[in-house]
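A.B. asks: Can you read through this structure? Questions will come right after.
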Amino acid sequence: MKKTINIGLFGFGSVGRGLYDVLGAVESNDIHIKRICVRNIHKDRGVEADFTDSADDIFSDSEINMIVELIDDAEAAYTIVRRALENRLPVVSGNKKMLAYHLPELIELGRQMSTPLLYDASACGSIPVIRNLEEYYDNDLLVSVKGILNGSSNFVLSKIFNENMEYAPALRLAQELGFAESDPSLDFDGWDSLFKLVILTIHAFGIYVAPEKVFRYGISTMNEADIRFAVEKQRRIKLVGHVEKLEGGGVYLWVVPQLISRNKYIYSVEDEFNGVVIKGRYYYKQFMFGRGAGGHPTGAAVLSDITACRYDYSYEYKRMQSANPVHHTEDVVHRIYYRYRTEEDSTLIHFTKVRERYSSPEWSYIVGDVRLADLVAVKDKLAGKEVFLAAFPWD
């Protein structure tokens, strides 16, 4: 049933301000931000609104009937969302790190309290991937979800491959435009994509895989040699999150740079945009595209969640109740490009088959087949090394 919404908003950073602006643009008469909780109440926000620095002011306000959490502190976000559910207040969250670590617990709490938790805005910005997985792809025909889940890293890679910019200047430009944080590791080391992939996997295949169990590798060690290799192979490097169901019911997921060929949808996804390819039996592939970074696109996605709550919408997690449950596996082989400098580093990764090898005094690489389980086993050893790896799909 359509109803008036009085929001208690936590956070007024890029996305919180984006939501404020979007609400002002749509001039809704039945959705209002009643009070905003921020860390520093004395900071000039440039808007006329009721600010507080106390969560109690939000939760004790009897007129507030929805909580919207848009802060960057994962543990604080968890406390807010849990408190909202315990108080039977519908809650919208944008904190993908918090969700990736606490979602099973919060799903169960929401069920106990018959209270919705919505978070479409936490994955892929303006692209409504979660709700589509919930409503349209809620059957055993789904095979994989794969795509560019982080707009900041994609912006930098676009500048490198389209404008021949070096990594450092491209990163500075992304930071100046508000697409990347002052500490870029969350985006460029693959953490942001990983958290989103964990969330998407629950809705796509009904299984929760903790972030620490997933192989994650970013683009921060990529150098000119890797870019040259990609160009010579007529490919581009994209940071990709990928979950796929295998024959037999195994599901694997990983976040890794991939050497993408021209015939793939995500090859042409540029700048701060995200692109997600959903593949299934019989309907083959469907492609979703939209802005994945920026306050206004994400704020619009938050508004979509708020609007859904007005009509008592909630996720049903249908795949988690499937009669044919899946299981997490690492028993899959991929072709990998691996660049290194020292002989010691050349032995870090176990190749089941070497298909190409190059050596020079400056840098060397191996192209070959690697089991995902073997990559997971050495992921901590790869950190801090002067190496780079990328998936090298056959097509």
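The values are calculated or read from the model by the stated rules, or taken from the named source; none is laboratory data. Remember, predicted model here, so these are calculated numbers, not experimental data. For neighbour counting, all protein chains shown are included, and Cβ atoms are generated from backbone atoms with ideal geometry for every residue, glycine included.
A.B. asks: Could you tell me whether ALA180 is over 17 Å from ASN150 (Cα atoms) and at pLDDT below 90? It would help to see each step written out before you state the result.
C.D. replies: Numbers: over 17 Å from ASN150 (Cα atoms): no; at pLDDT below 90: yes.
Taking the combined requirement at face value, the residue does not satisfy it.
A.B. asks: Please go through (1) more than 24 Å from ARG291 (Cβ to Cβ); (2) β-branched (Val, Ile, Thr); (3) over 17 Å from the mean Cα position of the chain (by Cα) for VAL209 and return the number of the only condition it doesn't satisfy.
C.D. replies: Of the numbered conditions (1) more than 24 Å from ARG291 (Cβ to Cβ); (2) β-branched (Val, Ile, Thr); (3) over 17 Å from the mean Cα position of the chain (by Cα), the odd one out for VAL209 is (3).
A.B. asks: Give the residues of the stretch 182-208 that are closer than 18 Å to ALA383 by Cα, in contact with a strand residue (DSSP E or B) (Cβ under 8 Å, 6 or more places away or on another chain) and not hydrophobic (A, V, I, L, M, F, W, C), sorted by residue number.
C.D. replies: Hits for the stretch 182-208 are ASP189, GLY190, SER193.
A.B. asks: Have a look at SER158, SER152 and point out the one that is more than 18 Å from the chain's Cα centre (by Cα) and assigned to a helix (DSSP H, G or I). Walk me through how you get there before you give the answer.
C.D. replies: On the way: SER152 fails: more than 18 Å from the chain's Cα centre (by Cα).
Result: SER158 is the single residue among SER158, SER152 that is more than 18 Å from the chain's Cα centre (by Cα) and assigned to a helix (DSSP H, G or I).
A.B. asks: Out of VAL251, VAL240, report the one residue that is under 22 Å from ASP374 (Cα atoms), within 15 Å of the chain's Cα centre (by Cα) and either surrounded by fewer than 21 Cβ atoms within 10 Å (Cβ to Cβ) or touching a residue at least 40 places away in the same chain (Cβ under 8 Å) (or both). Lay out the reasoning, then the answer.
C.D. replies: Values: VAL251 fails: within 15 Å of the chain's Cα centre (by Cα).
Answer to the check: VAL240.
A.B. asks: Let me ask something additional. With respect to ALA170, is the statement that it is closer than 22 Å to PHE273 by Cβ and not in a loop (DSSP other than H, G, I, E, B) true? Don't jump to the end; show me each part of the working.
C.D. replies: On the way: closer than 22 Å to PHE273 by Cβ: yes; not in a loop (DSSP other than H, G, I, E, B): yes.
In short, yes.
A.B. asks: Go through the stretch 352-368 and count every residue that is under 31 Å from the mean Cα position of the chain (by Cα) and aliphatic (A, V, I, L, M).
C.D. replies: 2
A.B. asks: Condition first: within 24 Å of the chain's Cα centre (by Cα) and more than 24 Å from VAL129 (Cα to Cα). Now tell me which residues in the stretch 83-106 satisfy that.
C.D. replies: Within the stretch 83-106, the first condition is being within 24 Å of the chain's Cα centre (by Cα), and the residues that meet it are 84-85, 90-106.
Matches in the stretch 83-106: ALA84 only.
A.B. asks: Moving on to the next point. Just checking, does the stretch 321-333 include any residue being surrounded by fewer than 17 Cβ atoms within 10 Å (Cβ to Cβ), charged (D, E, K, R) and not in a loop (DSSP other than H, G, I, E, B)?
C.D. replies: The answer is no; no qualifying residue exists.
A.B. asks: Which residue pairs have Cβ atoms under 6 Å apart, sit 6 or more places apart or on different chains, and have a first residue in the stretch 96-109 that is closer than 15 Å to ALA121 by Cβ and a second that is part of a helix (DSSP H, G or I) and aromatic (Phe, Trp, Tyr)?
C.D. replies: Close Cβ pairs satisfying both conditions: LYS96/PHE195; LYS97/PHE195; MET98/TYR78; ALA100/PHE195.
A.B. asks: Going through VAL92, VAL81, VAL47, VAL68 one at a time, which residue ends up being outside any strand (DSSP E or B), surrounded by 17 or more Cβ atoms within 10 Å (Cβ to Cβ) and not hydroxyl-bearing (Ser, Thr, Tyr)?
C.D. replies: Values: VAL92 fails: outside any strand (DSSP E or B); VAL47 fails: surrounded by 17 or more Cβ atoms within 10 Å (Cβ to Cβ); VAL68 fails: outside any strand (DSSP E or B).
Testing whether each residue is outside any strand (DSSP E or B), surrounded by 17 or more Cβ atoms within 10 Å (Cβ to Cβ) and not hydroxyl-bearing (Ser, Thr, Tyr) leaves just VAL81.
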